[in-house]
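Below: the structure, in structure tokens.
The values are calculated or read from the model by the stated rules, or taken from the named source; none is laboratory data. Since the model is a prediction, treat every value here as computed from it, not as a measurement. Cβ placement follows ideal geometry from the backbone for every residue including glycine, while neighbour counts extend to all protein chains displayed. Ligands, DNA and RNA are stripped out before the accessible areas are found, and what is left, the full protein with its side chains, is counted by its heavy atoms. Shrake-Rupley method; radii C 1.70, N 1.55, O 1.52, S 1.80 Å.
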Amino acid sequence: MSSSRLLDRLIEALQAMPGIGPVSASRIAFNLLDRKRDDALRISSVLKEAAEHIALCPDCRNYCDAEGEKCSICSDFHRRDSGMLCVVESPMDVEAFEQSGAFHGTYFVLHGHLSPIDGIGPEELGLESLGKRLDEGRVKEMILALGQSAEGEATKQYLAAMARRRGITVSGIATGIPMGGDIQSVDGLTLTTSLEYRRRIG
């Protein structure tokens, strides 16, 4: 407990961030208050606006600026016409691919993977929406770029079956993603190579 209730609340709030414990939260709070109050106000303003307005793109479920509005990637007709759809687990995976410059198609973001024990099934992953998108006929190849875990493998098999029923080529990224690893933790060169040497599934 500090000398200020507001400071205590700030430190507690900062601990909502992943990897931020009491010590790190205190360090951030004191740094903002001691030297960067203008930055703190700017951060709070942008964070409030983002929390109130950022929504999921109706096409790919990545983040976009407003409810019902397509993200900038789905709005690019060159990318839509590529015929390639990359399925990933999180928006951070999309960011990793975009920074690598390795992929020029569109995405679909699951926001997780199948995990019946945790109550995460096809509905929670938006697979009905994905199915409708595949039915449109634009997608010629679906690339599965999911984490190397038991749940990730089960999700890949489910998605591969969805694609095959529609006559769509389905492939998975190649080597370079360690077992239990995440896409966003892989360097750009490895990610580019994994995509370039993707293998067909089924």
So what is log10(I(q)/I(0)) for region 85-134 at q = 0.19 1/Å, when the Debye sum runs over its Cα atoms only?
-> -0.65
Note the angle between two axes, namely the Cα long axis of helix 5-14 and the longest principal axis of the Cα atoms of the chain, as a number of degrees from 0 to 90, rounded to the nearest 10.
-> 20
Listed residues GLY101, VAL170, PHE77: farthest to the positive end of the dipole of the chain (Cβ charges) | VAL170
Name the residue farthest towards the positive end of the dipole of the chain from the options GLN15, PRO58, LEU130, assuming +1 on Cβ of Lys and Arg, -1 on Cβ of Asp and Glu, about the Cα centre.
-> LEU130
Return the long-range amide H neighbours of TYR107 (sequence gap of 5 or more, or a different chain), with a cut-off of under 5 Å between placed amide H atoms.
-> CYS86
Pair ARG138, PHE30: separation of 7 Å Cα→Cβ label points (nm) | 5.2
Give me the accessible area per residue for the chain, probe 1.4 Å, as a whole number in Å².
-> 59
Three-way shape call for the chain based on the alpha-carbon gyration tensor, with the a/c threshold at 1.5 | prolate
State the percentage of accessible surface on region 1-138 attributable to carbon and sulfur atoms; use a 1.4 Å probe and exclude ligands, DNA and RNA.
-> 54
DSSP-assigned coil residues among trypsin sites (Lys or Arg not before Pro) in region 1-73, each with at most 14 further Cβ atoms within 10 Å = LYS36
Would you please classify the overall shape of region 47-156 from the alpha carbon gyration tensor, given that a ≥ b ≥ c denote the square roots of the eigenvalues, rounded means a/c under 1.5, and beyond that prolate means a/b larger than b/c while oblate covers the rest?
-> rounded
Helix-derived [θ] at 222 nm for the chain: sum -39500 (n - 2.57) over DSSP H runs of at least 4, divide by residue count, nearest 500?
-> -13500 deg cm²/dmol
